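To start, the structure under review is shown below, and the notes come after it.
The values are calculated or read from the model by the stated rules, or taken from the named source; none is laboratory data. Quick caveat: nothing in here was measured; it's all calculated off a predicted structure. We place every Cβ from the backbone using ideal geometry, glycine too, and count neighbours over all the protein chains shown. Heavy atoms of the whole protein, side chains included, go into the accessibility calculation; ligands, DNA and RNA do not. Shrake-Rupley method; radii C 1.70, N 1.55, O 1.52, S 1.80 Å.
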Amino acid sequence: MLLTRIRPGVVPAFLTAVLFLAAQPGGAQRLRVAFVGDPQVDSEAELAYARKSVYGELGSRKDVDFAIFLGDLVNDKMDLLAPSRALLDSLPFPWACVPGNHDRDVYERGRSRDMASYRQVIGATDTTFVRGGVRFILMDDVRGGGTRGYEAGFREDQKAWLSGILADTPPQTLAVLSAHIPFSEFKALDSLETILSRHPRLLLMTAHTHTMARHTLVFPAGLAVEEVLAGATCGSWWRGVPDERGIPRSYQNCGAPPCYYLADFSGGEYRLDYKTLGRPDSEKASAWMVDSTRLVLNVYGGATGGTVRVKLPGRLRWITVPASAEAAPEQIVVERFNKTLDPRGRARNPLHIPMRQAASPHVWAIDLSGSPRLLSALRRGAGKRVKIRYSDPSLSFSTSVSVSVL
């Protein structure tokens, strides 16, 4: 029997969608779930962008069984929660949601933010259900820290609830724990590790950082679990030059375009994939010739430790490209564009994309100056397509992309 359990003390307005999930047949059949980070709308105009992009694209999919939204439906604008809920309800499949740090009511000085509007419009902040033989656990990990501040973590009552849920979950059942802030940002992971280490099969899904990243989170005592940062479907807050639909061509902090993840569950195992919004399914990476000698690849959903191979135009041999701790070319392009804008009021210019220039977690690069034939192929390949193969234990794909010049 499939189990639905909402943590005591929360308002169960969200129960309808969860019960719909729990009522569906389970078993070992393939289950496809979309994990969607940070629509984070701030105005009616941004709500329209979200309607045309993330909600519109998800609404056209015929292969998704349900979606989990990983927080920040809105950007401190509680009056946009209800229309966001209407867009969620318009999707052709059930949905579930965790609250983000911007989904909280904002009050005048002296009163801490709370979840009153979220609970009324969206529903429960912590909930769990089983579908397709997978235990899904959704939790609020934004711990209050004053009128504006917050930190990542769980309260003691949440830890007790999570411990009970995992104790009731058979050890062969995969448990997917979803929250807004990455667990790698928790100040103290020891108590969470004690709880999670009692269950042998886990996957962690988060968002918040407007960055796509995948890594193995190693807890203090050695527990190792894959953590996926699903990025932000608003990119860097709906900023940038509009495309042909009028939607800003925003990029995330890591240099990836707005994306969402897809997870296929079957027989207790999972495989990951991701989709760039408004772009073909095959557009999962970019290739750049940098400084006339370097090939730099931005594999948007690539994981730490992933393997990247590339075949240049006119060459038969595949080249293994090493990971590189550097900014993605898209970050550099955006920064250059930002500098062309009038410095007076630049930060408020809707074309300005606020982007950090830190190293991206999914860049691979190779300097071909020591391989004349490969370098010649790279230079001749500018504007042409290269083939890319990517693989790691959870995700693999082959694609081809045009070589841009930076």
Under 11 Å, Cβ to Cβ, from Phe219 - net charge with Lys/Arg +1 and Asp/Glu -1: -3
Debye, to nearest 20: dipole size of the chain, +1 on Lys, Arg Cβ, -1 on Asp, Glu Cβ: 1440
Fluctuation leader among Asp140, Asp63, Asp342 - the chain, Gaussian network, Cα springs under 10 angstrom: Asp342
Nonlocal amide H pairs with Val36, under 5 Å, H built at 1.01 Å: Ile68, Phe69, Leu70
Antiparallel %, DSSP beta bridges [both residues in the stretch 188-295], to 5: 85
Å² of accessible area per residue within the chain, as computed with a 1.4 Å probe and no ligands counted: 41
Farthest positive-ward along the stretch 234-362 dipole, Cα basis, beta-carbon charges - from Ile353, Tyr251, Leu341: Leu341
Computed [θ] at 222 nm, deg cm²/dmol, the chain (DSSP H ≥ 4; -39,500 (n - 2.57); rounded to nearest 500): -5500 deg cm²/dmol
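Among DSSP bridges having both ends in the chain, what percentage is antiparallel? Round to the nearest 5.
Numbers: 60 of 84 bridges.
Close to 70 percent.
Quick one: compute the contact order of the chain, relative version, from alpha carbon pairs under 8 angstrom and 6+ residues apart, as a percent. Let's see the in-between values first.
On the way: 973 pairs, mean separation 58.0, N = 406.
It comes to 14 percent, rounded to a whole number.
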Nearby lysines by direct alpha-carbon distance to Lys275 (threshold 25 angstrom, same-chain neighbours under 8 apart not counted): Lys52, Lys62, Lys284, Lys311, Lys384, Lys387
Highest-MSF residue in the chain out of Asp291, Asp103, Asp79 [GNM, Cα springs under 10 Å]: Asp291
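What is the chain by shape, rounded, prolate or oblate, if you read a ≥ b ≥ c off the alpha carbon gyration tensor as root eigenvalues and call it rounded for a/c under 1.5, prolate for a/b larger than b/c, and oblate otherwise?
Details: a/c = 1.83, a/b = 1.40, b/c = 1.31.
Cα axes put the chain in the prolate bin.
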Sparsely packed trypsin sites (Lys or Arg not before Pro) within the stretch 217-300, loop by DSSP, other Cβ within 10 Å at most 15: Arg245
Cut-off under 5 Å, modelled amide H: who pairs with Trp95 long-range: Ala67
Percent RCO, i.e. relative contact order, over the stretch 70-138, from Cα pairs under 8 Å lying at least 6 residues apart: 30
Between 0 and 90°, nearest 10: helix 329-340 axis offset from the chain longest Cα axis: 90
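Roughly how big is the stretch 231-349's charge dipole about its Cα centre, with Cβ charges of +1 (Lys, Arg) and -1 (Asp, Glu), in debye to the nearest 20?
Working: 17 positive and 12 negative charges, 69 e Å.
About 340 debye.
About the Cα centre of the stretch 155-274, what is the dipole size in debye to 20, counting +1 per Lys and Arg Cβ and -1 per Asp and Glu Cβ, all else neutral? Write down the numbers at each step before the final one.
On the way: 10 positive and 13 negative charges, 45 e Å.
Once rounded to the nearest 20, the dipole reads 220 debye.
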Residue of Asn298, Asn75, Asn349 that the Gaussian network model of the chain assigns the largest fluctuation, springs spanning Cα pairs under 10 Å: Asn349
Residues whose placed amide H lies under 5 Å from that of Val41, excluding near-sequence neighbours: Val74, Asn75
Ile353 - accessible surface, heavy atoms, 1.4 Å probe, Å² rounded to 10: 10
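What fraction of the Cα pairs in the stretch 202-264, stated in percent, has a spacing above 21 angstrom?
Numbers: 673 of 1953 pairs.
Percentage above 21 Å: 34.
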Set of lysines near Lys187 by C-alpha distance (under 25 Å), chain-local residues within fewer than 8 positions excluded: Lys159
